[in-house]
Structures are given as structure tokens and as C-alpha cells.
1. Scanning for something small (G, A, S) and farther than 25 Å from H19 by Cα, does the range 96-104 turn up at least one residue?
2. Which of the residues belonging to the range 22-50 are in a loop (DSSP other than H, G, I, E, B), open to solvent by less than 40 Å² (accessible area, probe 1.4 Å) and under 26 Å from S75 (Cβ atoms)?
3. Of all residues in the range 12-21, which are in a strand (DSSP E or B), closer than 21 Å to K127 by Cα and of a type in the set (A, V, I, L, M, F, W, C)?
4. Of everything in the range 90-121, what is under 18 Å from R27 (Cα atoms), open to solvent by 80 Å² or more (accessible area, probe 1.4 Å) and assigned to a helix (DSSP H, G or I)? Give them in sequence order.
5. Could you please find all residues in the range 69-89 being small (G, A, S), open to solvent by 20 Å² or more (accessible area, probe 1.4 Å) and not in a loop (DSSP other than H, G, I, E, B)?
6. Tell me the residue from V30, V57 that is over 20 Å from K126 (Cβ atoms) and hydrophobic (A, V, I, L, M, F, W, C), please.
7. Only one residue in L66, L6 is of a type outside the set (D, E), open to solvent by less than 60 Å² (accessible area, probe 1.4 Å) and touching a strand residue (DSSP E or B) at 6+ places or on another chain (Cβ under 8 Å), so which one is that?
Amino acid sequence: YGMEKLRHTTGCVYQTAYHIVWRPVYRRDVLTEPVKSTLENMLHTIAYQHGMEILAVDVQPDHIHLFVSFPPAMSIANAVKLLKGISARQLRVIFPELRKRTRSDRLWAPSYYVGTAGHVSAETIKKYIEAQENHHAP
């Protein structure tokens, strides 16, 4: 899980964790298999390529919970822009039917939720995200 782990960049030691939630446009239920597992893997890859670390992820049919850490030099808005922008472009290439299913050229709604987490709430958020997986299970 690794929230307790100190991370390092040149001249910076940090310990950050953000709970980010976003949804498909019009809250369409489009994040089902095989899109779900593809998106989970994609988010890990995007995060890794941009110096972020995914601590937990839960993809529901109509929204995503992401618990992520990234260096303080990266703004939250930029992290979200990278995660949403790259994933939307790649998913639309892999799954062209998403355009029809969302009835839009956009995949993601423009808004998102973000909350910060300290040591105590980090574990709480991780448990919440894991509980969502069970709560939403068929």
C-alpha cells in the first residue's frame, strides 16, 4: 500500500496522498469489463510514466475512485488532467464503441472530486475504496 513510505525527488522528500473521483460524461455505466480492467492497468501505466504512484484504484461502472501520490511540484489539476486526458484518448482508440455508449465525443465529465489524506485518513480512504469494490460487487 505504501502511504507510510517516504518518497524522494531531487531536493524533496514527500509523503502525499490524494483521493480523486471522476465519472464518465452523463454518468453513463460504461466502465464495465473489458474497459474496467484495461482502464485500471492504463492508470497505473500513466501514473508511472509521470512520476505518480497509484495506492488504490476502484473502477465502478459509472465512476472511478483513485488514491494516488505524486510530488509536490506537480499540481493536483495537472495530475488529474494527465490521468483523465491520456486515459480518455487511449480508451477511445481501444474501444471505439465508447463514443456511441456515452453519446458524446467526451469520455469523462469535466469535473472531479479531490481530497487530501493524512496518515489516519489514508488508511480509512484505502479501506473505503476496497469496500466500494465489495459494495458494488454483483
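The values are calculated or read from the model by the stated rules, or taken from the named source; none is laboratory data. If you're wondering where the values come from, they're calculated on a predicted model, not measured in any experiment. Quick reminder, even Gly has a Cβ in these numbers, built from the backbone with ideal geometry, and neighbours come from all protein chains shown. These area figures cover heavy atoms from the full protein model, side chains too; ligands, DNA and RNA do not enter into them. Shrake-Rupley method; radii C 1.70, N 1.55, O 1.52, S 1.80 Å.
1. Just the residues of the range 96-104 that are small (G, A, S), to begin with: 104.
Now narrow it down to the ones that are farther than 25 Å from H19 by Cα: 104.
Yes, that holds for at least one residue.
2. Going residue by residue through the range 22-50, those that are in a loop (DSSP other than H, G, I, E, B) are 23, 28-34, 50.
When the remaining residues are screened for being open to solvent by less than 40 Å² (accessible area, probe 1.4 Å), the result is 30-31.
L31 - this is the single residue of the range 22-50 that is in a loop (DSSP other than H, G, I, E, B), open to solvent by less than 40 Å² (accessible area, probe 1.4 Å) and under 26 Å from S75 (Cβ atoms).
3. Of the range 12-21, the ones in a strand (DSSP E or B) are 12-14, 18-21.
Imposing the further condition that a residue be closer than 21 Å to K127 by Cα reduces the set to 18-21.
Those that are in a strand (DSSP E or B), closer than 21 Å to K127 by Cα and of a type in the set (A, V, I, L, M, F, W, C): I20, V21.
4. R99, K100, R101
5. Here is the first cut: in the range 69-89, the ones small (G, A, S) are 69, 73, 75, 77, 79, 85, 87-88.
Imposing the further condition that a residue be open to solvent by 20 Å² or more (accessible area, probe 1.4 Å) reduces the set to 73, 75, 77, 85.
Result: A77, G85.
6. Working: V57 fails: over 20 Å from K126 (Cβ atoms).
Result: V30 is the single residue among V30, V57 that is over 20 Å from K126 (Cβ atoms) and hydrophobic (A, V, I, L, M, F, W, C).
7. Values: L6 fails: open to solvent by less than 60 Å² (accessible area, probe 1.4 Å).
Being of a type outside the set (D, E), open to solvent by less than 60 Å² (accessible area, probe 1.4 Å) and touching a strand residue (DSSP E or B) at 6+ places or on another chain (Cβ under 8 Å) holds for just one of L66, L6, which is L66.
Let's see how each residue does on (1) closer than 30 Å to L6 by Cα; (2) at pLDDT 70 or above:
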| site | (1), (2) |
| --- | --- |
| G85 | yes, yes |
| F95 | no, yes |
| S104 | no, yes |
| Y112 | yes, yes |
| T116 | yes, yes |
| I125 | yes, no |
